[in-house]
Amino acid sequence: MIDAHRVTLSAEDDFDGWRNAARGLAEAGVSPAAIAWQVAGGATDLFAGPDSNPPPDGPSFAVPRNFVDLAKAAICHRDPERFALLYALLLKLRANRHALEDRADPLVDRVEKLAKEVRRDAHKMHAFVRFREVVDADGARFVAWFEPDNHIVRREAGFFVRRFPNMRWTIMTPELTISWDGGALTKSPGATLKDAPDGDPVEETWKTYYASIFNPARVKVKAMTKEMPKKYWKSMPETALIGDLLAGAQAREAAMIETSRAALPKATNIEAAWAALKAEAALCTRCDLYRCASQTVFGEGPPNARILFVGEQPGDHEDLAGRPFVGPAGEVFDAALEKAGIERSATYVTNAVKHFKFVLRGKRRIHQTPEASEINACRWWIEQERDLIRPPLTVALGATAARSLFGKVMAVGKNRGIPHLLCDGSEAWITVHPSYILRLPDAAARAVERDRFIDDLKRIRDRAYSMPK
Ligand code: URA
């Protein structure tokens, strides 16, 4: 059979090329069976016709954001059918905007699986890349060889830029080589294992890196050995640390992490790392809340903030504005901060959960309390934010925030107004959520609780500004 349309994409992970072609073809009502998708330089489909003409500039249709996220991940899969599957799914979404919600649909299921495998592959790349030090004309460069299962290298480059912003490094893979010189990322053709330097991985670098990302509270030994089977441990220098880190006292571990962090090159570009993190969070699909929310609402504030406030989740206003605490709860919060003598712009304000969870009642979106699984899924982001900002004092506004920070239920009434220790050795305080005050039906009770909240904030201010940053 001769396919009526052939689309040649510029690369295996050419999402933009796929999207442009798919839009035009969908507008023209072309069926999935009539399209041959291929990649420039790849095996040509001998039976395909010429490339389709550029898509007409017709009215374009909008797809849900979660489809874009899903497609961006799935397109990196090695499965040659992925382009066609995504196109078929796009047509389905055109007919029914909620098609993705039908997990029993075999097409949705298959594409979700592709995306999941890509994310898993990315996770492995983050965990298992090992650098060797080589010296070139410009000095030391750290070079690693890695063989991903899928076309994920470009997608994951940002992760390594954020992790090693001040190092010159190169990651070689069979398909693509990426290099970072401390300011710009370059891409060059793939390499072979023979091109990669021999020798031991850079022990100290890796121990430092590993310790810097090690958080005793996050260790799940079973999951760790599953992800990083013990038989590989001997070739991984940092695994020598695992026994110690697990067995040692928490305080010693925290001290060690602190020392290792201090040894890392000072991030001159925390802002760049933060911006990259925020961009990554914008694509978050760690739990299902992204499906209905308008956008990820990430934290905001200066990198040298002494106080980091954690709320529950964005509300209706925040979801639309893309900023935390800008609605009615934000007004209560701002007024109390002012009374307590805390300048909000000098603090970092974020939420335990970054997507708005709601149910629709008529046209109104009614707030729903996030579940433990959603709080846990989102903890990754808040830990990254805290890793970057490293505030001397973190404040949980309400029970959800406390649960996120401590990893367990912490009753607000019993724990407010006193310092608590977080597992990284920094201090956390717990107080009420501003919405709690708003919801009190009685004006007198509201006034009393507002004053108590202000008192807590004053204590927090005194404490935060008496601590070294
Ligand atoms: N409530 C929160 O917990 N966070 C916000 O950003 C807004 C309301």
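Points to keep in mind about this one:
- Of all residues in the range 344-369, those that are in a loop (DSSP other than H, G, I, E, B) and either farther than 23 Å from Arg390 by Cα or not charged (D, E, K, R) (or both) total 10.
- Looking only at the range 351-364, and only at residues there that are surrounded by fewer than 24 Cβ atoms within 10 Å (Cβ to Cβ) and within 13 Å of the ligand (Cβ to nearest atom), the one that is modelled with the lowest pLDDT: Phe358
- Only one entry of Gly417, Gly425, Gly398 meets the criterion of being touching an Asp or Glu at 6+ places or on another chain (Cβ under 7 Å), more than 16 Å from the ligand (Cβ to nearest atom) and within 21 Å of Glu338 (Cα to Cα), and that entry is Gly417.
- Residue count, the range 147-161 (criterion: touching a Lys or Arg at 6+ places or on another chain (Cβ under 8 Å) and assigned to a loop (DSSP other than H, G, I, E, B)): 4
- Selection within the range 135-153: residues that are crowded, with 17+ Cβ neighbours inside 10 Å and in contact (Cβ under 8 Å) with a residue 60 or more places away in the chain. The member of this set that is farthest from Leu89 (Cα to Cα) is Phe142.
- Taking each residue of the range 318-334 that is in the same structural domain as Glu300 (by TED's automatic domain parsing) and farther than 19 Å from Phe453 by Cα and looking for partners that are more than 9 Å from the ligand (Cβ to nearest atom) and among the hydroxyl-bearing types (Ser, Thr, Tyr) with beta-carbon atoms closer than 9 Å, six or more apart or interchain, yields Asp319/Ser294; Leu320/Ser294; Gly322/Ser294; Gly322/Thr296.
- Failed item in (1) over 23 Å from the mean Cα position of the chain (by Cα); (2) not in a loop (DSSP other than H, G, I, E, B), with Leu405 passing the rest: (1)
- Every residue from the range 284-334 that is within 10 Å of the ligand (Cβ to nearest atom) and in a loop (DSSP other than H, G, I, E, B): Val297, Gly299, Glu312, Gln313, Pro314, Gly315, Arg323, Pro324, Phe325, Val326, Gly327
- Single residue of the range 104-146 satisfying the filter (of a type in the set (Asp, Glu) and in a helix (DSSP H, G or I)) that is farthest from Leu70 (Cα to Cα): Asp121
- Residue list for the range 439-469, filter: hydroxyl-bearing (Ser, Thr, Tyr) and either on the phi > 0 side of the Ramachandran plot or without any contact (Cβ under 8 Å) to a residue 12 or more places away in the chain (or both): Ser466
- Inter-residue pairs, beta-carbon under 7 Å, first over 16 Å from Val143 (Cβ atoms) and at pLDDT 85 or above and in the range 156-169, second among the aliphatic types (A, V, I, L, M) and surrounded by 17 or more Cβ atoms within 10 Å (Cβ to Cβ), 6+ apart: Glu156/Ala122; Glu156/Met125
The values are calculated or read from the model by the stated rules, or taken from the named source; none is laboratory data. Note that this is a predicted model, so its numbers are computed, not measured. Note: ideal-geometry Cβ built from the backbone for every residue, glycine included; neighbour counts use all protein chains shown.
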